[in-house]
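Single-structure report; data block below.
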Amino acid sequence: MDTIKQALLNKLEKRTARIGVVGIGYVGLPLAVVFAQAGFDVVGIDPDAEKVACINQGESYILDVESADVKALVAAGKLTASTDYGALKDVDAVSICVPTPLRKTGDPDLSFIASASESLAPFLHPGMVVVLESSTYPGTTREMVLPALESVSGMTVCEDFFLAFSPERVDPGREDWTTINTPKVLGGITSDCGEIAAAWYEKALDTVVPVSTCEVAEMAKLLENTFRMINIGLVNELAIMCDRLDVDVWEVIDAAATKPFGFMKFTPGPGLGGHCIPIDPLYLSWKLRSLNYNARFIELASEINTNMPRYALGKIQDALNLHRKPLNGSRVLVLGVAYKPDIDDLRESPALDIIHLLQEKGADVVYHDPFIPQLNHDNLALVSVTDLLPEVRKADCVAIITNHSDYDYPTILASAQLVVDTRNALGQAGKVSPKVVRL
Ligand SMILES: NC(=O)c1ccc[n+]([C@@H]2O[C@H](COP(=O)([O-])OP(=O)(O)OC[C@H]3O[C@@H](n4cnc5c(N)ncnc54)[C@H](O)[C@@H]3O)[C@@H](O)[C@H]2O)c1
């Protein structure tokens, strides 16, 4: 084992190790680019032939990754992509970055991790290190990926190959904290596994935070996302309570946030979105249910957060009521459908639920989003309106669901008949305007 381990460490040290990234989406592509920029030869594996073709033509399809960077790396022969797992046969180090969504029943869908592990197994060879990056419940790397790799290859972890878990923390659209400078927690199946995986990641990332096991690393990711989800649930309930008390929730939160210690600011909204916060905590509660434990904080916050699109619908209905208009037949312009500002990601966006709910009530729904020109998702087929201000004037109600920063909010407010602001995008102007209803 020592020879295998040392040979791999030498290759990583000299950056002659070849890297594979399995799943080149929001997480995998930035990671592949960072490894290639650190001097490694990188191949991305993805069943999506369009993504593979884009990379090989030097084009990025992720906002946070510049096409110029991809082009330069492809031209230098440092980055390629393939739909064929066979491209991994000469690779020394593999990161797995495949999706971990929920099934329709709300249970974890681990089929992508299972299929990626099974597809990788025939190409596993002595002296290879594998790191799972997908967010998942504690135990997945040891209970699922490890047997899948060992059973097909006949090899043994830590004797022949090495396995670790390192959760991704990327926050799409963010420029101050990126794949390179966000500290990366990493834990191995054994301490040797952790040591080798850390030696690899340290070549490309500023800070690796080693932990004793992959379970600690898996749980750390779920703690981070559960912390956010529960705190968002808390401020969402605060918004509902403040509404009953006729107190301005936004002012309350800003006031509390002046405390220099012991408080962290979270803001309410029309519901949770994205691939992480609404989903990852449910991986944890699902796992705990299998151990006869009910994760009560998660269940409660999830219940509050899941109900927020319906709460936002109620606000739109109440606002129209002030103008003596029923929702049925009213034209509602949904402003912003991405799950958060200034990105093009629709996954789990509360806007989708809100549009469905509005349509069920008979509203004539149109939307505008500069980042999402078409919405073919979740049985919806809509095209973003192009000429914004005439649409704002025409709408019986403008519902601000995602507060993209490029919107000219004063002009939107001046032009609209009625606005429901679920994000406090209008700030003080929204508070004092008689035509604005706020969350
Ligand atoms: N997007 C984020 O902001 C974010 C942040 C932190 C963690 N994560 C986690 O990272 C993981 C990946 O998320 P993402 O946002 O990159 O998803 P994504 O959907 O953008 O990318 C996943 C990619 O994996 C590919 N894929 C699917 N099955 C595959 C297979 N069997 N083999 C190879 N490739 C396969 C898909 O085609 C897709 O291109 C998830 O577990 C997610 O929870 C995401």
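For Tyr283, work out the one condition from (1) in contact with an Asp or Glu (Cβ under 8 Å, 6 or more places away or on another chain); (2) buried (at least 19 other Cβ atoms within 10 Å of the Cβ) it doesn't fulfil. Against the list (1) in contact with an Asp or Glu (Cβ under 8 Å, 6 or more places away or on another chain); (2) buried (at least 19 other Cβ atoms within 10 Å of the Cβ), Tyr283 comes up short only on (1). Is the range 285-292 home to any residue that is more than 16 Å from the ligand (Cβ to nearest atom), under 30 Å from Ser330 (Cβ atoms) and aliphatic (A, V, I, L, M)? No; the residues of the range 285-292 include none that is more than 16 Å from the ligand (Cβ to nearest atom), under 30 Å from Ser330 (Cβ atoms) and aliphatic (A, V, I, L, M).
Looking across the range 76-97, the residues that are crowded, with 21+ Cβ neighbours inside 10 Å and within 11 Å of the ligand (Cβ to nearest atom) come down to Ala81, Leu88, Val94, Ser95, Ile96, Cys97. I'd like to check something: does the range 335-343 contain any residue that is touching a residue at least 60 places away in the same chain (Cβ under 8 Å), within 16 Å of the ligand (Cβ to nearest atom), in a loop (DSSP other than H, G, I, E, B) and farther than 30 Å from Pro390 by Cα? Taking every residue of the range 335-343 in turn, none turns out to be touching a residue at least 60 places away in the same chain (Cβ under 8 Å), within 16 Å of the ligand (Cβ to nearest atom), in a loop (DSSP other than H, G, I, E, B) and farther than 30 Å from Pro390 by Cα.
Residue check: is Leu73 farther than 21 Å from Ala121 by Cβ, within 13 Å of the ligand (Cβ to nearest atom), in the same structural domain as Pro167 (by TED's automatic domain parsing) and at pLDDT 95 or above? No. Is there a residue being over 25 Å from Thr267 (Cβ atoms) and not assigned by TED's automatic domain parsing to the domain that holds Ile62 anywhere in the range 411-421? So far as the range 411-421 goes, yes, one or more of its residues are over 25 Å from Thr267 (Cβ atoms) and not assigned by TED's automatic domain parsing to the domain that holds Ile62. Tell me, which residue of the range 286-317 that is over 22 Å from Arg423 (Cβ atoms), under 21 Å from the mean Cα position of the chain (by Cα) and among the charged types (D, E, K, R) is surrounded by the most Cβ atoms within 10 Å (Cβ to Cβ)? Among those residues, the one meeting the criterion is Lys287. All of Val22, Val34 fail the test of being within 9 Å of the ligand (Cβ to nearest atom) and in the same structural domain as Gly77 (by TED's automatic domain parsing), apart from Val22. When residues in the range 116-145 are screened for being in a helix (DSSP H, G or I), more than 8 Å from the ligand (Cβ to nearest atom) and among the hydrophobic types (A, V, I, L, M, F, W, C), 5 of them pass. When the range 160-186 is filtered for residues that are in a strand (DSSP E or B) and within 16 Å of the ligand (Cβ to nearest atom), the ones remaining, listed by number, are Ala164, Phe165, Lys184, Val185, Leu186. Of everything in the range 98-115 that is in contact (Cβ under 8 Å) with a residue 60 or more places away in the chain and at negative phi, the residue that is farthest from the ligand (Cβ to nearest atom) is Asp107.
The values are calculated or read from the model by the stated rules, or taken from the named source; none is laboratory data. The structure presented is a predicted model; accordingly, all values stated were derived computationally and were not measured. Don't worry about glycine lacking a Cβ; one is built from the backbone with ideal geometry, like all the others, and counts go over all protein chains shown.
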